[in-house]
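*Asks:* Mind looking over this structure? Questions follow.
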Amino acid sequence: MLKQRIILAIFLASLAANAVGVLADPGWLCLPAALLGWYVADLMSGLVHMYMDYRPCPPGKQLNDMFFYAGSRESAEYLALARDRLARINAFERLVYDFKNHHPRPDALGRRSLWRLIGSTVIVATLPLSLLLLAAQLVWSVPGWVVAGVLALLTGGAFAQFFHGSLHRAHNPWIVEMLRGARLLMTPAAHQLHHDTLQRDFATNCGWSNPLINRLFAALRARGYLGDAGLEPSS
Ligand SMILES: [Zn+2]
Ligand SMILES: [Zn+2]
């Protein structure tokens, strides 16, 4: 718990330290660069989501017992079952399972802690990249607009699953409501289009990249990829 807070604090501090580079070299290019970074983060959220939704769970692990469990998910029986099944798969496969589990039980995502939602993304990707950007700024004179673009990308990328969770939660921090009001985050109604068919609108940050991802999805389906069998675990 303390370790998680320290990692998050280091990450936020690194973002703030990087932002100094934008303030030191401001210019009109910073705004379009930041919007482009925000778009790319949205695109990545959508591509990862599309892949994870349709990537089949490993067969032979009986994850279906968990997925289709009919009783209470707080019962001792279910918790023991979940412990047993999750021990059979690796961390990445658990993430894949989580994406599928989200469809029949969308509200569970809204109840998760911030760390559970973004911890792995921060550790494996955005924290190292943020520190690299900081190191690059110390060694070279990186233009402010480049820093602005990368910062927007790192922020949108790091908080992608938190933003997705916020779409399944009635009460959100003011910053989420503010970004939604500014159209920098999508609305629950817009995200519902994904849950209605599971065949469109995979991006969950601002949704700007959904027209592009929808075309990509249609093209891949037409070629026989992303079949429905991948949406649920088999025995
Ligand atoms: Zn999905
Ligand atoms: Zn969702």
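*Asks:* Go through 202, 162 for me and flag whichever is in a helix (DSSP H, G or I), hydrophobic (A, V, I, L, M, F, W, C), within 13 Å of ligand 2 (Cβ to nearest atom) and surrounded by 15 or more Cβ atoms within 10 Å (Cβ to Cβ).
*Replies:* After ruling out the rest, the residue left standing is 162.
*Asks:* Does residue 120 qualify as being buried (at least 18 other Cβ atoms within 10 Å of the Cβ), touching a residue at least 24 places away in the same chain (Cβ under 8 Å), among the polar types (S, T, N, Q) and on the phi < 0 side of the Ramachandran plot?
*Replies:* no
*Asks:* Restricting to region 179-201, name every residue that is away from ligand 1 (no atom under 16 Å from the Cβ) and touching a Cys at 6+ places or on another chain (Cβ under 8 Å).
*Replies:* 183, 184, 185
*Asks:* Now, a different point. Looking only at region 61-106, count every residue that is within 16 Å of ligand 2 (Cβ to nearest atom) and either basic (Lys, Arg) or over 18 Å from residue 231 (Cα atoms) (or both) and tell me the total.
*Replies:* 2
*Asks:* Another question, then. Can you pull out every residue in region 56-104 that is farther than 24 Å from residue 168 by Cβ and within 16 Å of ligand 1 (Cβ to nearest atom)?
*Replies:* The one that is farther than 24 Å from residue 168 by Cβ and within 16 Å of ligand 1 (Cβ to nearest atom): 56.
*Asks:* Considering only residues that are more than 16 Å from ligand 2 (Cβ to nearest atom) and in a helix (DSSP H, G or I), which ones fall in region 165-194?
*Replies:* Of everything in region 165-194, those that are more than 16 Å from ligand 2 (Cβ to nearest atom) and in a helix (DSSP H, G or I) turn out to be 174, 175, 177, 178, 179, 181.
*Asks:* Out of 207, 230, which single residue is within 16 Å of ligand 2 (Cβ to nearest atom) and either assigned to a loop (DSSP other than H, G, I, E, B) or small (Gly, Ala, Ser) (or both)?
*Replies:* Result: 207 is the single residue among 207, 230 that is within 16 Å of ligand 2 (Cβ to nearest atom) and either assigned to a loop (DSSP other than H, G, I, E, B) or small (Gly, Ala, Ser) (or both).
*Asks:* In addition: Only residues in region 166-193 that are free of Cβ contacts under 8 Å to residues at least 12 places away in the same chain and more than 18 Å from residue 41 (Cα to Cα) count as the first member; pair them with residues that are in a loop (DSSP other than H, G, I, E, B) and within 12 Å of ligand 2 (Cβ to nearest atom), Cβ under 7 angstrom, at least 6 apart or cross-chain, and list the lot.
*Replies:* Listed pairs, sorted by first residue: 193/201.
*Asks:* Follow-up. Restricting attention to region 62-94, which residues are in contact with a helix residue (DSSP H, G or I) (Cβ under 7 Å, 6 or more places away or on another chain), of a type in the set (S, T, N, Q) and closer than 17 Å to residue 232 by Cα?
*Replies:* Listed by number, the list holds a single entry, 62.
*Asks:* Pull out all pairs, ordered by first then second residue, where Cβ-Cβ is under 6 Å, the residues are six or more apart or on different chains, the first lies in region 89-110 and is under 20 Å from residue 159 (Cα atoms) and among the β-branched types (Val, Ile, Thr), and the second is within 12 Å of ligand 1 (Cβ to nearest atom) and not in a helix (DSSP H, G or I).
*Replies:* Qualifying pairs under 6 Å: 96/55.
*Asks:* Does residue 138 meet the test of being more than 18 Å from residue 37 (Cα to Cα), free of Cβ contacts under 8 Å to residues at least 24 places away in the same chain and assigned to a helix (DSSP H, G or I)?
*Replies:* So residue 138 passes the test.
*Asks:* Give the residues of region 107-133 that are among the basic types (Lys, Arg) and away from ligand 2 (no atom under 16 Å from the Cβ), sorted by residue number.
*Replies:* Once the filter is applied, which keeps residues that are among the basic types (Lys, Arg) and away from ligand 2 (no atom under 16 Å from the Cβ), region 107-133 yields nothing.
Each reported figure results from applying straightforward, stated rules to the coordinates on display, with no laboratory input. Source: prediction; values computed, not measured. Positions of Cβ are backbone-derived with ideal geometry, glycine not excepted, and every protein chain shown enters the neighbour counts.
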